[in-house]
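Some notes on the structure that comes next.
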């Protein structure tokens, strides 16, 4: 993403530090709620940044993924919006997922097969081992 954004002149705000440790501390013994916790962390940080930069709204690229829990993303997004006073822009972008994958491939961009957390990566590996993917 960093290389691509520089190539096309797209300004990107990167988080100041990795939040993996915080994620694991919050998820420990609450693994069944890991997606909600992750969404709250991601969208909360995004909304706070949007508020600090005086943006009208915030959103997430997770909305294009058919593998994300859209009902939960939407719910958490609106909760965070209420807490921060910044609008959450929700749009179901999944109809564009196939095209986005093809376009990313044409651009030579990395496309991972899991959401990013180690739990999801483990589940994906288990599916591959079982021949489900």
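The values are calculated or read from the model by the stated rules, or taken from the named source; none is laboratory data. Model, not experiment: these values are computed from the prediction. Counting neighbours? That spans all protein chains shown, and the Cβs are built from the backbone with ideal geometry, glycine included.
Applying the criterion of being loosely packed, with under 13 Cβ neighbours inside 10 Å and part of a loop (DSSP other than H, G, I, E, B) to the residues of the stretch 89-115, the residue that is farthest from the chain's Cα centre (by Cα) is 108.
Across the stretch 56-79, the number of residues qualifying as under 17 Å from residue 33 (Cβ atoms), in contact (Cβ under 8 Å) with a residue 40 or more places away in the chain and within 11 Å of the chain's Cα centre (by Cα) comes to 2.
For residue 74, are the conditions met, namely being surrounded by 13 or more Cβ atoms within 10 Å (Cβ to Cβ) and either under 27 Å from residue 2 (Cα atoms) or modelled with pLDDT of 95 or more (or both)? The answer is yes for residue 74.
One residue is enough: does the stretch 7-24 have a residue meeting the conditions closer than 30 Å to residue 105 by Cβ, more than 16 Å from the chain's Cα centre (by Cα) and in a helix (DSSP H, G or I)?
Within the stretch 7-24, one or more residues are closer than 30 Å to residue 105 by Cβ, more than 16 Å from the chain's Cα centre (by Cα) and in a helix (DSSP H, G or I).
Just one of (1) in contact (Cβ under 8 Å) with a residue 24 or more places away in the chain; (2) surrounded by 10 or more Cβ atoms within 10 Å (Cβ to Cβ) fails for residue 41. It is (1).
Take the conditions (1) within 23 Å of residue 5 (Cβ to Cβ); (2) without any contact (Cβ under 8 Å) to a residue 24 or more places away in the chain; (3) assigned to a loop (DSSP other than H, G, I, E, B); residue 132 misses just one of them, which is (1). The one condition from (1) touching a strand residue (DSSP E or B) at 6+ places or on another chain (Cβ under 7 Å); (2) buried (at least 16 other Cβ atoms within 10 Å of the Cβ) that residue 63 does not meet is (1). For residue 85, indicate whether it is loosely packed, with under 12 Cβ neighbours inside 10 Å, closer than 24 Å to residue 13 by Cα, in contact with a helix residue (DSSP H, G or I) (Cβ under 8 Å, 6 or more places away or on another chain) and at pLDDT 90 or above. When the stated conditions are applied, residue 85 passes them.
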